[in-house]
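Q: Below is the structure I would like to discuss, written out as structure tokens.
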Amino acid sequence: MFDWLVVGAGFAGSVIAERLASQRGESVLVVDRRNHVGGNAYDRYDDAGLLIHQYGPHIFHTNSEQIVDYLSQFTEWRPYEHRVLASVDGQLLPIPINRTTINKLYGLNLTTEEEVEAFLAERGERIEEIRTSADVVLSRVGRDLYEKFFRGYTRKQWGLDPSELDKQVTARVPTRANEDDRYFTDSFQAMPAGGFTRMFERMLSHPNIKVMLQTDFRDIRDVIPHRRVVFTGPVDEYFDFRFGKLPYRSLQFEHVTLEEEWHQPVAVVNYPQDRDYTRITEYKHLTGQQHPKTSITYEYPSDIGDPYYPVPREENQELYRQYKHLADATPNVHFIGRLATYRYYNMDQVVGQALAEFRRIQESIPVGAEV
Ligand code: FAD
Ligand code: UDP
């Protein structure tokens, strides 16, 4: 009899399993239907010996000291600040849009933040209430920059026009009047020094934790005795799609090794105007690995395949709320993570959510309690 059955070995499942095992001394079985731990943050060495991210580029960034302290028990860090270029009108330009982007794109020489703000204010559209992902960008930078950098990319990535998506999607990407070309401005930005998978292995290597891979929850839920469940898979699947399918956006990844030392100047180049893929990632920029060859990944968005992104739209939230009511009313099952709570969360937010859920468990369930 396991005290806990944790479904999913990604950030949500691994963090809560580690806490339950190490802080409560309870027995935990972690199952994942994939053949590896780490969920979407899984990385591995490819045939050429280059460390790649199986499910697209993952860069760790956070403003929470508590989350850094927690994860630092399981990894050292390699400082890394992420920079992204967008291929627009035949040039590679900084995204988030900043002063350099505007100067290079329009052949200008704006030198102060005031000049850039004035340039943007002249073009930004007046929109009464910012509701959609189109509103966010149009109001800040105007139509030309919106169409060049955001409209095409978003249509590819989501299969929807920005006007059909909640504002939170494009609001993830700021616009800056200065020359800061970092993708994130969080106080802590780094990569796990030995890779993500190594960090997960350390987290899960505890005598109270057993991990079963290539194991679907549905196949073992009635077979392996357990008291309580933490579910981190898609919440609609848990309830057999009772209210209909929740939309999740998927991706197809094409991993390639090239016979050259470097392919592009930064880790990620976005393609908002042409190509079927959204972006190309070159991992050596992230990992610091030295190698005569280089491995890259093309990302092709898709409706079919594993669920990666909840799709932020009001109608989807409405459907999610129905599942959330059911989830709240299901005793002895805890729902956490990006798929189970249908939230467009970054890794640090998922860690924070799992630690918060653990605190609630500590407050409400005595160690070893029967159900
Ligand atoms: P997941 O990692 O999806 O783990 C869920 C696990 O549950 C999966 O392994 C799945 O196989 C398993 N599972 C589901 N159902 C079942 C079942 N029935 N039985 C058994 N197992 C099951 N975040 C950042 O902070 N920085 C980034 O740069 C970043 N880049 C990203 C890039 C891409 C392309 C994507 C898709 C995401 C990115 N993220 C990034 C977000 C990050 O991946 C997530 O926040 C985090 O991995 C979510 O962890 P999770 O445990 O909630 O879910
Ligand atoms: N986006 C865009 N052009 C870009 C970068 C981002 O239109 O060059 C939009 C797009 O809708 C994307 C969203 O902003 O889905 C959020 O971007 P982010 O880089 O945070 O996406 P993620 O890394 O989560 O896929």
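Read-outs throughout are calculated quantities, based only on the coordinates presented, and are distinct from any laboratory measurement. These numbers were taken from a predicted model, which means no experiment stands behind them. We place every Cβ from the backbone using ideal geometry, glycine too, and count neighbours over all the protein chains shown.
Q: Need the C-alpha centroid separation for the stretch 198-224 versus the stretch 149-163, integer Å.
A: 37 Å
Q: Next question. For the pair residue 261 and residue 168, how long in nm is the line joining their label points, each one 7 Å along Cα→Cβ?
A: 4.4 nm
Q: Using a ≥ b ≥ c from the Cα gyration tensor of the stretch 84-172 (square roots of the eigenvalues), is it rounded, prolate or oblate, where a/c under 1.5 gives rounded and otherwise the larger of a/b and b/c decides, a/b for prolate?
A: It comes out oblate by the Cα gyration axes.
Q: Tally Lys and Arg at +1 and Asp and Glu at -1 over the other residues with C-beta under 15 Å from the C-beta of residue 26: what net charge comes out?
A: Local net charge: +1.
Q: Then there's this: Determine, for each peptide in 355-367, 175-187, the mean count of other beta carbons within 10 angstrom over its residues, then list the peptides with the highest first.
A: Final packing ranking: 175-187, 355-367.
Q: Once Lys and Arg get +1 and Asp and Glu get -1 on their Cβ, which of 39, 52, 213 lies farthest toward the positive end of the dipole of the chain?
A: 213
Q: Shifting gears a bit: Counting only Cα, what are the radius of gyration and maximum Cα-Cα distance Dmax of the stretch 209-331, in Å?
A: 20.0, 56
Q: Under a plain spin-label model, where a point goes 7 Å from the Cα along Cα-to-Cβ, how far apart in nm are residue 66 and residue 48?
A: Computed distance between label sites residue 66 and residue 48 equals 4.2 nm.
Q: In addition: So how do 190-201, 241-252 stack up, highest first, on mean other-Cβ count within 10 Å? Write down the numbers at each step before the final one.
A: On the way: 190-201: 21.0, 241-252: 15.2.
Result, highest mean Cβ count within 10 Å first: 190-201, 241-252.
Q: Moving to a separate point now. Please report the antiparallel percentage of the DSSP beta bridges confined to the chain, to the nearest 5.
A: In the chain, DSSP labels about 65 percent of beta bridges as antiparallel.
Q: Could you give me the ³J(HN,Hα) list for the stretch 324-339, computed from phi with Karplus coefficients 6.51, -1.76, 1.60 and θ = phi - 60°, whole Hz, x at Gly and Pro?
A: 5, 4, 4, 4, 5, 8, 9, x, 6, 10, 10, 10, 9, x, 5, 8
Q: Can you list the HN-Hα couplings for the stretch 340-355, worked out from phi with the Karplus curve (6.51, -1.76, 1.60; θ = phi - 60°), rounded to whole Hz and with x for Gly and Pro?
A: These are the phi-based 3J(HN,Hα) values: 7, 10, 6, 10, 6, 9, 7, 4, 5, 5, 5, 4, x, 5, 5, 5 Hz.
Q: Order 206-219, 58-71 from most to least packed using the mean count of other Cβ atoms within 10 Å.
A: 58-71, 206-219
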